[in-house]
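Engineer: Sending over a structure as structure tokens; questions will come in a sec.
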Amino acid sequence: GQEYVTMLKQAGESKIKTYRAVAWMERPVTPQALAVLSCKEAFVIDQATPIRVLHRRSLAVRQRTIHRIKCSPVNRHFMVLELSTEAGTYIKEFVHGDMGRTRPSVGELLECGSADILQLDVV
């Protein structure tokens, strides 16, 4: 019954998922900023329920762990991100910040103004 559903949800949230994303940054990203982000140890972000899912999820702030980020520049404004994150992390919102609802976001961490995600794949 309900205990089984709860157990399944908890087991799924303890997993680590890996993604590859193409992202755009408003301001050019420096090689130094990319190197710092790529070397960053695991860290926790705060994610409020994203605007795009509010109609089906309860409003809450959830902490999610970003285990690893690797940044590969395509040019000064575009990059490929490889991310390993705790299951349940909203990746699109982690990149663009969801109007301040996800902190920190990739745009904040790279100090590049706004950011957006153009493609997202589960690896």
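The numbers here are math on the coordinates, done by the rules we state, and not lab data. Not measured: the values here are computed from a predicted model. A quick note on method: Cβ atoms are made from the backbone with ideal geometry, for glycine too, and the neighbour counts reach across all protein chains shown.
Engineer: Which one of M79, G1, S58 has its Cα pushed farthest toward the positive end of the charge dipole of the stretch 1-113, where Lys and Arg give +1 and Asp and Glu give -1 at the Cβ?
Structural biologist: Of the listed residues, the answer is G1.
Engineer: Still on this model: Considering Cα pairs under 8 angstrom that are at least six residues apart, work out the relative contact order of the chain and quote it in whole percent. Each step should come with its number before you reach the end.
Structural biologist: Values: 242 pairs, mean separation 45.5, N = 123.
Reported relative contact order: 37 percent.
Engineer: Quick one: Debye curve from the C-alpha atoms of the stretch 72-123, no solvent, what's log10 I(q)/I(0) at q = 0.13, 0.16, 0.22, 0.30 Å⁻¹?
Structural biologist: Log-scaled intensity ratios, in q order: -0.29, -0.45, -0.86, -1.41.
Engineer: I've got another one for you. Multiply the residue gap between T65 and V53 by 0.36 nm, knock off their C-alpha separation, and tell me the result in nm, one decimal place.
Structural biologist: Working: separation 12, 0.36 × 12 = 4.32 nm, distance 2.00 nm.
Between T65 and V53, full extension yields 2.3 nm more.
Engineer: Another one. Return the Cα extents of the chain along principal axes one, two and three, sorted largest first, each rounded to a whole Å.
Structural biologist: 52, 25, 22
Engineer: Place a +1 charge on the Cβ of each Lys and Arg in the chain and a -1 charge on the Cβ of each Asp and Glu, then give the dipole magnitude about the Cα centre in debye, rounded to the nearest 20.
Structural biologist: On the way: 17 positive and 13 negative charges, 36 e Å.
My answer is approximately 180 debye.
Engineer: Here's another thing I want to ask about it. Between the stretch 101-116 and the stretch 19-73, what is the C-alpha centre distance in whole Å?
Structural biologist: Cα centroid to Cα centroid, the span is 7 Å.
Engineer: Counting trypsin sites (Lys or Arg not before Pro) as exposed when in a DSSP loop with at most 13 other beta carbons within 10 Å, what is the longest stretch of the chain free of them? List each step's numbers first, then the result.
Structural biologist: On the way: sites that count: K15, K40, R56, R57, R76.
That would be 77-123.
Engineer: Only helical DSSP H runs with n ≥ 4 go in: add -39500 (n - 2.57) per run for the chain, normalise by residue count and round the 222 nm mean residue ellipticity to 500 deg cm²/dmol.
Structural biologist: Details: 4 runs with 32 residues, N = 123.
Theoretical 222 nm ellipticity from helices: -7000 deg cm²/dmol.
Engineer: Springs between alpha-carbon pairs under 10 angstrom, Gaussian network model over the chain: which of E86, E108, E41 fluctuates most?
Structural biologist: E41
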